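Structure first, commentary second.
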Amino acid sequence: MPTKVEKDSITGTETTGHEWDGIKELNTPLPRWWLYILYATIAYSLVYYVLYPTIPGFDGLLDTNNRVALDDKLAVAYERQAVYRDGVAAHTTDEIAGDPELLSFALAGGRSLFADNCAPCHGLGGAGQHGYPALGDDVWLWGGTFDDIETSILYGIRSEHDETRFSEMPAFGADEILPAEEIAAAADFVLSLSGRAEDEAAAAAGAEIYADNCAACHGEAGEGDPSQGAPRINDQIWLYGGERDEIIAQIRKPQHGEMSPWVGRLDPDSIKMLTVYVHSLGGGQP
């Protein structure tokens, strides 16, 4: 028997027969314009599926493949760059810096490499951030010559590579080498090295403590020692903060950053270009 059609008493629209808690579902048809758009998108997708690559091994009736096209464009670009890439491969970083054309090519490539691989830590343009050294100044933890920078990029700092650069500051407080009052006095003396001591008497008391425990690495006047990665501490540049409590915390239980080695991850020519670019960011040393 045919089902009796029921209409909503208010709208006059047929119901579907479904009802929840006294609420009846209306059988309202979709707007025609909406259906036309739906049908058009279905037709478009079918045409696209046939004309363009949509499944592995089938490039479509138009025989187009963006991956292949990109590879072709890259091959052309590499061919045009061959003379410069050969020049980078055949010269040292010092020699590249002395050749205007090679230098321009290396700086462009290094800038792109830096943005892709280094900027997340060191910031765009080598601005640095808390715990990550700035590369746009004249202060270098491990030296700022081309060879120094290239070595750091190749093998990293405190990394797993056998040739990595490694230095470690003793935990004077956590390992109970110095009592808390002597650590505070040493921090006051460190502040005095950059003319920021708030208590001259406390700073004077920390001079001997500094001389006995810190000067061997950081230098008598806080000038640092790049040969062992000991930072300069007589300026206003601080990796982990230069306020008194931050200096005390670093003396008590120092933080040590880590940089991954890039040898094997970037090809030798890319590392050369990256070295030249980093050297150019600040006052790279000759």
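A single member of Glu168, Glu79 is out of contact with any helix residue (DSSP H, G or I) (no Cβ under 8 Å at 6 or more places or on another chain) and closer than 30 Å to Gly219 by Cα, and it is Glu168. Condition test on Ile237, is it at pLDDT below 95, part of a loop (DSSP other than H, G, I, E, B) and either open to solvent by less than 30 Å² (accessible area, probe 1.4 Å) or closer than 30 Å to Asn117 by Cα (or both)? Spelling it out, Ile237 is indeed at pLDDT below 95, part of a loop (DSSP other than H, G, I, E, B) and either open to solvent by less than 30 Å² (accessible area, probe 1.4 Å) or closer than 30 Å to Asn117 by Cα (or both).
Scanning region 91-147 for residues that are part of a loop (DSSP other than H, G, I, E, B), more than 18 Å from Tyr240 (Cα to Cα) and either touching a Leu at 6+ places or on another chain (Cβ under 8 Å) or open to solvent by less than 20 Å² (accessible area, probe 1.4 Å) (or both) turns up His91, Cys118, Gly143, Gly144.
Figure legend. Inter-residue proximity from region 139-166: first residues on the phi > 0 side of the Ramachandran plot, second residues hydroxyl-bearing (Ser, Thr, Tyr), beta-carbon distance below 7 Å, spacing 6+ or different chains. Indicated pairs: Gly156/Thr164; Gly156/Ser260; Arg158/Thr164. I'm trying to understand the selection: among the residues of region 181-199, which are part of a helix (DSSP H, G or I) and not aliphatic (A, V, I, L, M)? If the condition is that a residue be part of a helix (DSSP H, G or I) and not aliphatic (A, V, I, L, M), then Glu181, Glu182, Asp188, Phe189, Ser192 are the ones that fit.
Condition first: part of a helix (DSSP H, G or I), open to solvent by less than 50 Å² (accessible area, probe 1.4 Å) and either under 30 Å from Tyr84 (Cα atoms) or in contact with a Lys or Arg (Cβ under 7 Å, 6 or more places away or on another chain) (or both). Can you find one or more residues in region 250-269 that meet it? Yes. On inspection, Leu46 fails the criterion of being surrounded by fewer than 11 Cβ atoms within 10 Å (Cβ to Cβ), modelled with pLDDT of 85 or more and assigned to a loop (DSSP other than H, G, I, E, B). With respect to Pro31, is the statement that it is outside the structural domain of Met273 (by TED's automatic domain parsing), farther than 30 Å from Asp267 by Cβ and without any contact (Cβ under 8 Å) to a residue 60 or more places away in the chain true? Answer is yes for this residue. Only one of the numbered conditions (1) within 30 Å of Gly98 (Cα to Cα); (2) open to solvent by 20 Å² or more (accessible area, probe 1.4 Å) is not met by Ala221, and that is (1).
The values are calculated or read from the model by the stated rules, or taken from the named source; none is laboratory data. None of the values given here were measured: they were computed from a predicted structure. In this analysis, Cβ positions are derived from the backbone assuming ideal geometry, glycine residues included, and neighbour counts consider all displayed protein chains. Accessible surface areas use protein heavy atoms only, side chains included; no ligands, DNA or RNA. Shrake-Rupley method; radii C 1.70, N 1.55, O 1.52, S 1.80 Å.
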